[in-house]
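Right, one structure below, let's go through it.
Values quoted throughout were computed directly from the atomic coordinates according to the rules given, and no laboratory measurement underlies them. Values in this document were obtained by computation on a predicted structure and should not be read as measured data. Ideal geometry is used to build each Cβ from the backbone, glycine not excepted, and the neighbour counts take in all protein chains shown.
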Amino acid sequence: MYRILIDSCGELFPEMQNTESFCNVPLTLTVDSHEIIDDETFNQAEFLRMIKESANAPKSACPSPDAYMREMRGDWERIYVITLSSKLSGSYNSACLAKDLINEELEDDDEEPKQIHVFDSKSASIGQTLIADKIAELEKEGLSFDEVIRRTDAYIETQHTFFILETLETLRKAGRLSALKAMIANTLNIKPIMGSTEEGSIQQLGQGRGMSKALDKMVDLMMEVTPDPENRVVAISHCNCPERAAMLQKKLEAKANFKRIVIVDTRGVSSMYANDGGIIMVV
């Protein structure tokens, strides 16, 4: 019996919800004096309103080791944890500490340690969810714990994350972009195309004049690194822009016959990064 824990930056696919085999461990979001737990009570519309009205950038705090430990307890024989990139959050280190602490508890009680593995996704959002999907697929094949880990690590190395921001306001508020550059980009309707590095950091890959052209460019960039689309699942996560996600799906379908395309709405942490109108794509 296995369980997959994903910090709340990763949005669960519909089939993963309402089952104990998959579990989100919530991060905490802060906008000024407001503290928001990124769990099933998260209200995206209210959160986006608070971000828009605040002069300050929103912040996030990773789950505590205790939060991870609560979800590791029980009769689970194998536990897999998938965290937001360690280059972007302390979630990975927190989960690793939880793993050590839970097994110390078991050792003190003269019990066998649990089989627990923590994956640094080197991604975020639906990148984490696709990793969970891969683990579940490998578990169904009846593979050993070590073989599931080996194949999942190999899958992570082939994964690519892309995203486009509708607005640069969060970057400006956080001091990562000057007010002048943000104003010029917004005035000229320039949409930066961002992506993950091999280490799990964020880099700019290009830009487009207007969202439609930026989406076209993002799809082209994705196709350059996807030699086997018929074997790949593509996940799209959108922040309050379902029509844009549907447009992206059509652009993908026009390029290749993918194994599957899944669309979800962003949870709290991804909503904070993507902001209103932002869109994330992972293959």
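Annotations
- The range 197-262: C-alpha gyration tensor shape, a/c 1.5 cut-off, then a/b vs b/c: rounded
- The trypsin sites (Lys or Arg not before Pro) of the range 1-83 that meet both conditions, a loop assignment by DSSP and at most 13 other Cβ atoms within 10 Å of the site Cβ, are Arg73.
- Qualifying trypsin sites (Lys or Arg not before Pro) in the range 206-280, where qualification requires a DSSP coil assignment and no more than 15 other C-beta atoms within 10 Å, comprise Lys259.
- All other residues whose Cβ lies under 9 angstrom from that of Leu29 are scored, Lys and Arg at +1 and Asp and Glu at -1, for a net of -1.
- Taking Gly142, Gly210, Gly195 as the candidate residues, the one with maximal mean-square fluctuation in a Gaussian network model of the chain, Cα springs under 10 Å, is Gly142.
- Estimated 222 nm signal from helices in the chain, with DSSP H stretches of n ≥ 4 weighted -39500 (n - 2.57), rounded to 500: -12500 deg cm²/dmol
- Within a Gaussian network of the chain (alpha carbon springs, distance under 10 Å), most fluctuating of Gln249, Gln128, Gln115: Gln115
- Note on the chain: dipole from Cβ charges, positive end direction compared against Met272, Tyr2, Tyr80; the farthest Cα belongs to Met272.
- Counting neighbouring Cβ atoms within 10 Å and putting the fewest first, the residues Ile261, Ile4 line up as Ile261, Ile4.
- Cross-link pairs Lys87/Lys114; Lys87/Lys217; Lys122/Lys213; Lys99/Lys122 - those with Cα-Cα distance over 21 Å: Lys87/Lys114; Lys87/Lys217; Lys122/Lys213
- Judged by the gyration tensor of its Cα atoms, with axes a ≥ b ≥ c, the chain is oblate; a/c meets the 1.5 cut and b/c is at least as large as a/b.
- What separates the Cα centres of the range 110-164 and the range 3-20 is a distance of 13 Å.
- Computed extension gain for Leu188 through Gln17, at 0.36 nm per residue and net of the alpha carbon distance, reaches 57.5 nm.
- Spin-label model distance (nm) - Glu111 vs Glu230, 7 Å beyond Cα toward Cβ: 4.8
- Basic side chains Lys and Arg get +1 at the Cβ, acidic Asp and Glu get -1 at the Cβ, and with that the dipole of the chain about its Cα centre reaches some 2060 debye.
- Considering only Glu107, Glu137, Glu147, the mean-square fluctuation computed in a Gaussian network model of the chain, springs between alpha carbons under 10 angstrom, is largest for Glu107.
- Neighbour counting of Cβ atoms within 10 Å sorts the residues Glu198, Glu11, fewest neighbours leading, into Glu198, Glu11.
- Rounded to the nearest 0.05, the FRET efficiency derived from the C-beta distance between Lys250 and Thr158 at R0 = 22 Å is 0.35.
- Sorted by Cβ neighbour density within 10 Å, fewest at the top, the residues His34, His160: His34, His160
- Each other residue within a Cβ distance under 10 Å of Pro229 adds +1 if Lys or Arg and -1 if Asp or Glu, for a net charge of +1.
- Sequence-distant lysines (8 or more away, or on other chains) whose Cα lies within less than 17 Å of Lys259: Lys134, Lys250, Lys251
- Modelled this way, with points 7 Å down the Cα-to-C-beta line, the labels at Met50 and Glu198 are 4.0 nm from one another.
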